[in-house]
Every structure is written in C-alpha cells, then in structure tokens.
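The values are calculated or read from the model by the stated rules, or taken from the named source; none is laboratory data. Fair warning: this is a prediction, and the values are worked out from it, not measured in the lab. Methodologically, a virtual Cβ is constructed for each residue, glycine included, from the backbone with ideal geometry; neighbour enumeration extends over all protein chains shown.
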Amino acid sequence: MMRWGAACVLAASAASFGGTYVVPTQNASVPGNQSLGLGSAPQRIQEIVGSGQFTAPLVITGLRFRAAPNTGPINFTYPSLKITVSTTQTYPNTNNGHTLPSTTYANNTGPDAVTVYNAALTGTSAGCMGGAPCPFDISIPFTSPFSFDPTKGRLLVDMVNSAPTGTPMGSLDVISFSDSSSSTAALVNGDPTQATGKLNLAGIILGLDTTTGLITAVENAASSLAPGLPNAGIAQGAIFIVQGSSLGPSTLTFAPAAFQTNTVSGTSASVMVNGTTVNAPLYYTSAGQVAALLPSNTPTGAGTVTVTYNGAPSTTGSITVVPNNVGIFTIDSSGQGPGIVTYADYSLVSAAKAANCGGPNTTCGAANPGDTLILWATGLGPVSGNDASGAGLGQNMPSIPLTVWLGGVQAPVSYQGRSGCCVGLDQIVFTVPASNAPTGCAVPLAVQIGNQVSNTTAIPIASGSRNCTTTIPQYAGAEAAVLAGPITTGSIKLAHFSDGGSTFEDDAKFQFQEISSFNPGTQPFAISWIDAAPPGTCTVYNNLNANENPPIASLSKVDAGSSFSIQGPNGSVNVPPGSLNEFNSKGTFLVPGAYMVAGAGGAVIGPFSANITLPPPITLVSPVNNAVASRSSGLQVNWTGGVANEYVQIAVNGPIDGTYTTGSSVACIVPGTAGTFTIPSYVLLALPPTANGASAGLVLSAITLNSFTASGLSLGLLQTYTDMGGFGYGWGSGSFNLQ
C-alpha cells in the first residue's frame, strides 16, 4: 500500500518538460502581461535581451514563439522572413547608467551579426486558455547556429518580415515593463523601409533552441519555490528538480527504480558545496528537467549543481543546502493548490467524494475535525546512512521542531519522518483539531520548521459530512457541476483600482467561458483551486500576483453578447466583453451605491440582469506609509468602516529585488466588520525581506459578492472590488518594507 506514495507523488513531479531556454527567464513558467497582434503590414523588430538573462555562453540553433493566452489561435504566412542575430553593445535598461537602445536600427546591430534564417515562413498555433503560458509551438530552425557569449554584450534578435499572405490571426506573448531601470528586454520596431523605429520597454517572450546544457533553476520537487525566496533552500535528503535546457534526452526517461542509480539515459548530476562533491541519484531525466535526490551527507551551505549529458557538462546552477525545509506535494505538481493529503487507507482528501471511495488513488471527500491524516512531502531532513539503500525509511524524526498550520491553527503531529517505502519521500501524520479548525474547501495548509516555511497548499475541511462548504456561497454547486461535465461560467467584476496615491481608475470584467475539461484526475479537487480561503486565514502564493492556475485542460470563450451595461449612481455605461477593461480613467464612476449590470445575451448565454451594492469606503489606519514590518513578529492591520457581507482582502507582496519579476505574495481574507487582523509570523516568513532596490507592498481592498443567472450558464459570479488603501508595490506609490 505504501508504494502508492511513490507512484502518485513522485510521478506528479514530472508533469512538464521542454528543452527550450526561455528569455526573459522570469517568463519560463508564467505568461507575459501583454500581447502583440500579428499585423498585415511589413514589420521590422529588433529585440534586445539583457546579458543577465544568461548564465553562460551558449550556441543557439533555433527560435520559438508562443501565443498569448486567451487570445485565440495563430495562423500566418510570410513570403519573406529574415532573422539576424548579433551581440549588441546596447542595453535593455538604464540600470547603472546604461543607455537604452537607439531608435536607429543600424546603431544596435553587433559586428558579429549572422543571418540565421532567410526564407518564407508559415506558422500555426492552437493557442491556449487560462492562466498558464502557451506552448512554444511556432518553431524556426536556424540555417546557421549562433554562438552567444553574455560576457561580451547583449543578445540582439533582428526580424524583418514582408506583408503576410492573407490576413494573419492571433497574438504573440509579450512582457512589458513600466520602469526602464529594471527592464530585461527592449524592442525597436517599425516600417522596415525606414532607418528608424519606435523604442518600447517590452520583449516578445522567446524560446531559444540550444545545444548547450543550461541550468535555469534548482527547486524542491514538491514546493517548486523559485531560487531567491527565503524558503527555497534544498534540505539534505530531499528530492529536487533541475530545470533548464539540453540537460538530457528529448524524451522523458525514468530510472528503472527511483534513486537507485546515478546515471539515467546518459544523464548524471553532481552537487558541490564547500569543496565537497556528491553524486545525486536520479529518478528521471529529460531535456528540460531532471529529478534527483540530494544525499543526506551533502554539506550545508551555498553550492552549485552540474548536470552532465553524454559526457558534456552543463552550466552550473546555484543551490543552497539546508538541514530542513519541507515542500508539500500538490495534486497538479505546481507547488500550489490542493496538497496531497491522505486518510489512513491512502485514499485522498478531496473536495468531492467518489462512489468508489476507499484505498489508494480514490477520492474520499473533505476531512473532518478529529481525523488523522497523512501529509506527503520531501525535505524533513537528513537520515543516518545511505539514502539509496533505504536508510531511515519508516523512522520517526521527533527532534525536528515542526509545526503543521491549518489556516493559522496548529495541528497536533504524531509522526514526522520518511515514508516506509520510498527514498526521499516524507510523511507527516497530523490530526485535524476537533474544536477550532477552520472549515472550507480551500483551508490553507503549511509546515514550519524554525524560520523555514513550506509552500502553502489547500485542504478541504468539513464539519459533519465529507462535502466541504464553499467560502464563496455562489460556488456552492461548482464541484458537482465540474464532475457532471462541461460547465459554462460567467464572471462579472466592477473594480475601482488604485493608480497610486489618490488616483484611481474604474474597470469592468464581463467574461463568459466554457470549461470543457480539467487535467486528468483533478476534477474532484477543482473547487479547492477556485474557492477562496475561509475568512480569517491567509494564503501564500509562489508569485507576486496572488495567483494560482486551476488545471483546466480546455477553456473557451462563449458568446453572451457584444456589449453589457452598468447602471449606478452616476448614470449608465456600456462595456465590451472580456477581461478587465478600463472604462473610466479618472475613477469617478464607481462610487458607493446600488448597481445593476445587464446583458442582452448571445448565441450561448441568454439575457441577464443582476444587482449589487458598493459599500461606503473603508479607511486603512495602520500600518502607515514607509512602515517596516518584522516578518518574525507578524503584522497587525487596522481599518475603520466595513459592513455586513463585505470582505476585506489584505495583500502583502514581497519581491526579491527591484526587477519585480520574482517573489511571493500573501492574501488574507477577513470580514469587513472585524476592523483588525494580525497576519501570523509564519505567513510573513514565507515572504522575502526587502532588499536589492525593491519595495514590498501592502494593499487593503474591499470585496462584495452576488450571483446571477441566465439560460446556458452553469455558474455566475458578480463582485465588486475596491482598493481602499496601501503603499509600495501593488499600490503604485509610497513604501513598505519587510525585515
């Protein structure tokens, strides 16, 4: 029975692969924030990518593009496309006094320019929906490879295309930057018949095919926390993954038995810390990702990882080895969302209970107060002896000062140690507190050892049944709808956003979609991704936008009409469908009062109207601008105002540096009438201390909810969102620091 853990938990770590080196690197696993529509005119684009995006010289053999999510498929034919690559002496940012690229194309081109492609090109992509990036499925193989050395300059990709044949469709994924001091890419584009173009602080997200083994990240196999975060260290005896390109074979290959050999399909990995090198037993290998075990006898401290494939060593990747740092395995292997937690018979704790509940790989519904559960993780700490030989399996580690947190409530632990079957795989046996455990479909679950805090996952907890109760009442039937088959969803949001200081804008979202399918095996957990955490709890996200991507396999837009109306105290406006659209740049339309939203319907969704009230403003009292919060002490937040059925969201953002591309964030949900809430210290310890030219951020927002119905609609959610106060990153002005 225990072998279920190895089959389900470890295999889950091998969910996504690829041999493409992505630049800018911050967009390797997240989409950009803009899209570039394919035009009908000839175009020249020079893209400059900063040398800091590369860890070593590499040989580039091809170029790849991906569609921007939620923008539809791509289809184009260019009778002529010329791509030239060179090493430029211009910079994509003004950091350290650098000068931005010239608007004159010739001034940017490096002396080593090589024409790597000069022919017609037809490209197609199915595109994708949802919050995850689309695949790099538009490929341009180079006729001549290009050797790039980042110590000699920046990478310049110069693309000149003719007018397309027919009308091109679709949009490319793009990252744009608001600050020239931290931009990692820049574009100069315009009419190719002219000598000059327009400079933009943006970059098309590129996939570079390369024969050079490059390591981009070394992460705990369960938490997937990015290097640079305070809880990203790899514990002795833990399973870890190495991400990059050209690290192994193009096809995912597993070892005959997990962590019993140092070489799989020509791939090996070694770790060097303080002059000591250890070989890491492997579980699987591929071009884009390798899974290995960090031996328990690895010294602690800062070190490097090297992957060797067919005798060729990769660039080195940084690793910080620590004694203990738990990562909780999750259902979709992202390090977020529902955690892998089982009952005593190894059936899964889930939002929905299956008819065949009982035994491994079955789903048996929400946990109840008093239940004893098994949490599956890696990183508890080293064992005495040879890991690969099974040393420490089934042995408790009671001396580790471990705490399991369920929505801020401590859960008693009866076992913490290696599983009885599987090298590197840990079990933590805990009991859901009988009297004060929060209930809901997405109760935050985390593990703390000293100042090291795991990734935050979600667990459904119910009282008196195995069916969890959603925090958002309008989602009460969502799990049943997901299990029944395709569902149509409507999301309407009236948002009063801060532009910094006392300036605001009013945005609206009228988004209608059909979810045709979820990733296999995730349907019984779906509501734990979609629902909010219970009031009075906090969730930590592995990114700066408090976002986790539900494992939706197929998502498409549905027609609910071409225009929608919003009627309130200041009159009426019409807005188009889609994600958030600004309709009042001065933020003067959305004021407290009653609102009615309506739509005439479309081919799939029928007519509707619904009402919601925007409450009077809430005032943030403390902390104040330029405040400094001690992460180890927690943070008390106070406000005045608030009415019944209104929620306050306290968001804290922690970037690792002034580029604001990597970091973590916290969202705490509290009843608006509470007036005060203290963010626990274990939550803030998961955020990085403020450093490297960054400012952390705190934003207090108010949320109200209602539902709406229409023919053809499975679930409809109407909400208001109003920024009430804040400072630093996410607010637009002021400063807030974590220490």
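Looking only at region 409-419, decide whether some residue is assigned to a loop (DSSP other than H, G, I, E, B), in contact with a Gly (Cβ under 9 Å, 6 or more places away or on another chain) and either among the charged types (D, E, K, R) or more than 16 Å from Gly337 (Cβ to Cβ) (or both).
Of the residues in region 409-419, the ones assigned to a loop (DSSP other than H, G, I, E, B) are 412, 419.
Filter once more, so that each one left must be in contact with a Gly (Cβ under 9 Å, 6 or more places away or on another chain): 419.
Next, only the ones that are either among the charged types (D, E, K, R) or more than 16 Å from Gly337 (Cβ to Cβ) (or both) stay: 419.
Checked against the condition, which is being assigned to a loop (DSSP other than H, G, I, E, B), in contact with a Gly (Cβ under 9 Å, 6 or more places away or on another chain) and either among the charged types (D, E, K, R) or more than 16 Å from Gly337 (Cβ to Cβ) (or both), region 409-419 yields at least one hit.
One residue is enough: does region 400-422 have a residue meeting the conditions within 30 Å of Thr300 (Cα to Cα), among the basic types (Lys, Arg) and either outside the structural domain of Ala292 (by TED's automatic domain parsing) or crowded, with 20+ Cβ neighbours inside 10 Å (or both)?
Taking every residue of region 400-422 in turn, at least one turns out to be within 30 Å of Thr300 (Cα to Cα), among the basic types (Lys, Arg) and either outside the structural domain of Ala292 (by TED's automatic domain parsing) or crowded, with 20+ Cβ neighbours inside 10 Å (or both).
Here is a list: Ser250, Ser178, Ser223, Ser182. Which entry is of a type in the set (Ser, Thr, Tyr), out of contact with any strand residue (DSSP E or B) (no Cβ under 6 Å at 6 or more places or on another chain) and surrounded by 19 or more Cβ atoms within 10 Å (Cβ to Cβ)? First the steps, then the outcome.
Details: Ser250 fails: surrounded by 19 or more Cβ atoms within 10 Å (Cβ to Cβ); Ser178 fails: surrounded by 19 or more Cβ atoms within 10 Å (Cβ to Cβ); Ser223 fails: out of contact with any strand residue (DSSP E or B) (no Cβ under 6 Å at 6 or more places or on another chain).
Checking each option against the conditions leaves just Ser182.
Within region 624-637, how many residues are in contact with a strand residue (DSSP E or B) (Cβ under 7 Å, 6 or more places away or on another chain) and within 16 Å of Pro680 (Cβ to Cβ)? If you could, list the steps in order and put the result at the bottom.
Taking region 624-637 and keeping what is in contact with a strand residue (DSSP E or B) (Cβ under 7 Å, 6 or more places away or on another chain), we get 625, 627-629, 631, 634-637.
Filter once more, keeping what is within 16 Å of Pro680 (Cβ to Cβ): 629, 631, 634-637.
Total satisfying the criteria: 6.
Which condition number does Pro444 fail, the rest of (1) in contact (Cβ under 8 Å) with a residue 40 or more places away in the chain; (2) buried (at least 17 other Cβ atoms within 10 Å of the Cβ); (3) over 24 Å from Thr470 (Cβ atoms) being met?
Failing condition for Pro444: (3).
When you go through Asp332, Asp345 one by one, which is the residue that is part of a loop (DSSP other than H, G, I, E, B) and surrounded by 17 or more Cβ atoms within 10 Å (Cβ to Cβ)? Let's see the steps before the verdict.
Details: Asp345 fails: surrounded by 17 or more Cβ atoms within 10 Å (Cβ to Cβ).
Of Asp332, Asp345, the one residue that is part of a loop (DSSP other than H, G, I, E, B) and surrounded by 17 or more Cβ atoms within 10 Å (Cβ to Cβ) is Asp332.
Within region 277-284, can one find any residue that is more than 23 Å from Ala377 (Cβ to Cβ) and either among the hydrophobic types (A, V, I, L, M, F, W, C) or surrounded by fewer than 24 Cβ atoms within 10 Å (Cβ to Cβ) (or both)?
If we filter region 277-284 for residues that are more than 23 Å from Ala377 (Cβ to Cβ), which is where we start, we get 277, 279.
Still in the running and either among the hydrophobic types (A, V, I, L, M, F, W, C) or surrounded by fewer than 24 Cβ atoms within 10 Å (Cβ to Cβ) (or both): 277, 279.
Taking every residue of region 277-284 in turn, at least one turns out to be more than 23 Å from Ala377 (Cβ to Cβ) and either among the hydrophobic types (A, V, I, L, M, F, W, C) or surrounded by fewer than 24 Cβ atoms within 10 Å (Cβ to Cβ) (or both).
So Leu155 fits all but one of (1) in a loop (DSSP other than H, G, I, E, B); (2) under 28 Å from the mean Cα position of the chain (by Cα); (3) crowded, with 17+ Cβ neighbours inside 10 Å; what number is the exception?
Among (1) in a loop (DSSP other than H, G, I, E, B); (2) under 28 Å from the mean Cα position of the chain (by Cα); (3) crowded, with 17+ Cβ neighbours inside 10 Å, Leu155 violates only (1).
Could you list all residues from region 669-695 that are hydrophobic (A, V, I, L, M, F, W, C), in contact with a helix residue (DSSP H, G or I) (Cβ under 8 Å, 6 or more places away or on another chain) and over 30 Å from Ala185 (Cβ atoms)?
Let us first name the residues in region 669-695 that are hydrophobic (A, V, I, L, M, F, W, C), namely 669-670, 674, 677, 679, 683-687, 691, 694.
So of that shortlist, the ones also in contact with a helix residue (DSSP H, G or I) (Cβ under 8 Å, 6 or more places away or on another chain) come out as 684-685, 687.
Across region 669-695, the qualifying residues are Leu684, Leu685.
Do you know which residues across region 201-238 are assigned to a strand (DSSP E or B) and among the aliphatic types (A, V, I, L, M)?
Here is the first cut: in region 201-238, the residues assigned to a strand (DSSP E or B) are 202-204, 206-210, 214-220, 234-235.
Once the filter is applied, which keeps residues that are assigned to a strand (DSSP E or B) and among the aliphatic types (A, V, I, L, M), region 201-238 yields Ala202, Ile204, Leu206, Leu208, Leu214, Ile215, Ala217, Val218, Ile234, Ala235.
Name every residue in region 269-305 that is more than 23 Å from Ser245 (Cα to Cα), in contact (Cβ under 8 Å) with a residue 12 or more places away in the chain and not in a strand (DSSP E or B), in order of residue number.
Listed by number, the residues that qualify are Asn274, Pro295, Ser296, Asn297, Thr298, Pro299, Thr300.
Six or more apart or on different chains, Cβ under 7 Å: which pairs go from a residue in region 315-333 that's among the polar types (S, T, N, Q) to one that's surrounded by fewer than 21 Cβ atoms within 10 Å (Cβ to Cβ) and modelled with pLDDT under 95? Could you list them?
Qualifying pairs under 7 Å: Thr315/Thr55; Thr315/Ala56; Ser318/Pro227; Ser333/Ala12; Ser333/Ala15.
Quick test for you: out of Gly726, Gly697, pick the one residue that is assigned by TED's automatic domain parsing to the domain that holds Thr659, in a strand (DSSP E or B) and touching a Phe, Trp or Tyr at 6+ places or on another chain (Cβ under 6 Å).
Working: Gly726 fails: touching a Phe, Trp or Tyr at 6+ places or on another chain (Cβ under 6 Å).
None of the others qualify; the one that does is Gly697.
Can you tell me which residue is farthest from the chain's Cα centre (by Cα) among those in region 479-509 that are part of a strand (DSSP E or B) and among the β-branched types (Val, Ile, Thr)? If you could, list the steps in order and put the result at the bottom.
Residues of region 479-509 that are part of a strand (DSSP E or B), as a first pass: 487-500, 503-509.
Within this subset, residues satisfying the condition of being among the β-branched types (Val, Ile, Thr) are 487-489, 492, 503.
Working: Ile487: 24, Thr488: 24, Thr489: 22, Ile492: 23, Thr503: 29 Å.
Among those residues, the one meeting the criterion is Thr503.
Considering only region 582-638, state which residues are of a type in the set (Val, Ile, Thr) and either without any contact (Cβ under 8 Å) to a residue 24 or more places away in the chain or not in a strand (DSSP E or B) (or both). Step through it out loud before you land on a result.
We begin by selecting, within region 582-638, every residue of a type in the set (Val, Ile, Thr); these are 588, 591, 597, 604-605, 612-613, 618-619, 621, 624, 628, 637.
Of everything in region 582-638, those that are of a type in the set (Val, Ile, Thr) and either without any contact (Cβ under 8 Å) to a residue 24 or more places away in the chain or not in a strand (DSSP E or B) (or both) turn out to be Thr588, Val591, Val604, Ile605, Ile618, Val621, Val624.
Can you go through Ser528, Ser556, Ser516 and tell me which one is hydroxyl-bearing (Ser, Thr, Tyr), assigned to a helix (DSSP H, G or I) and in the same structural domain as Val637 (by TED's automatic domain parsing)?
Ser528
Given the criteria surrounded by fewer than 18 Cβ atoms within 10 Å (Cβ to Cβ) and either small (Gly, Ala, Ser) or assigned to a strand (DSSP E or B) (or both), does Ala651 qualify?
Considered against the rule, which asks whether it is surrounded by fewer than 18 Cβ atoms within 10 Å (Cβ to Cβ) and either small (Gly, Ala, Ser) or assigned to a strand (DSSP E or B) (or both), Ala651 comes out as no.
Could you please let me know if Ala603 is within 17 Å of Thr720 (Cβ to Cβ) and of a type in the set (A, V, I, L, M)?
Details: within 17 Å of Thr720 (Cβ to Cβ): no; of a type in the set (A, V, I, L, M): yes.
Considered against the rule, which asks whether it is within 17 Å of Thr720 (Cβ to Cβ) and of a type in the set (A, V, I, L, M), Ala603 comes out as no.
Restricting to region 99-132, name every residue that is in a strand (DSSP E or B), surrounded by 14 or more Cβ atoms within 10 Å (Cβ to Cβ) and polar (S, T, N, Q). So that I can check it myself, show each step before the final result.
Narrowing region 99-132 to residues in a strand (DSSP E or B): 104, 114-125.
Now restrict to residues that are surrounded by 14 or more Cβ atoms within 10 Å (Cβ to Cβ): 114-117, 121, 123-125.
Within region 99-132, Thr115, Thr124, Ser125 qualify.
What number of residues in region 241-268 are assigned to a loop (DSSP other than H, G, I, E, B), within 13 Å of Leu293 (Cα to Cα) and in contact with a Pro (Cβ under 9 Å, 6 or more places away or on another chain)?
Summing the residues that are assigned to a loop (DSSP other than H, G, I, E, B), within 13 Å of Leu293 (Cα to Cα) and in contact with a Pro (Cβ under 9 Å, 6 or more places away or on another chain) in region 241-268 gives 5.
If Phe146 passes every condition in (1) under 17 Å from Tyr78 (Cα atoms); (2) out of contact with any Phe, Trp or Tyr (no Cβ under 6 Å at 6 or more places or on another chain) but one, which one does it miss?
(1)
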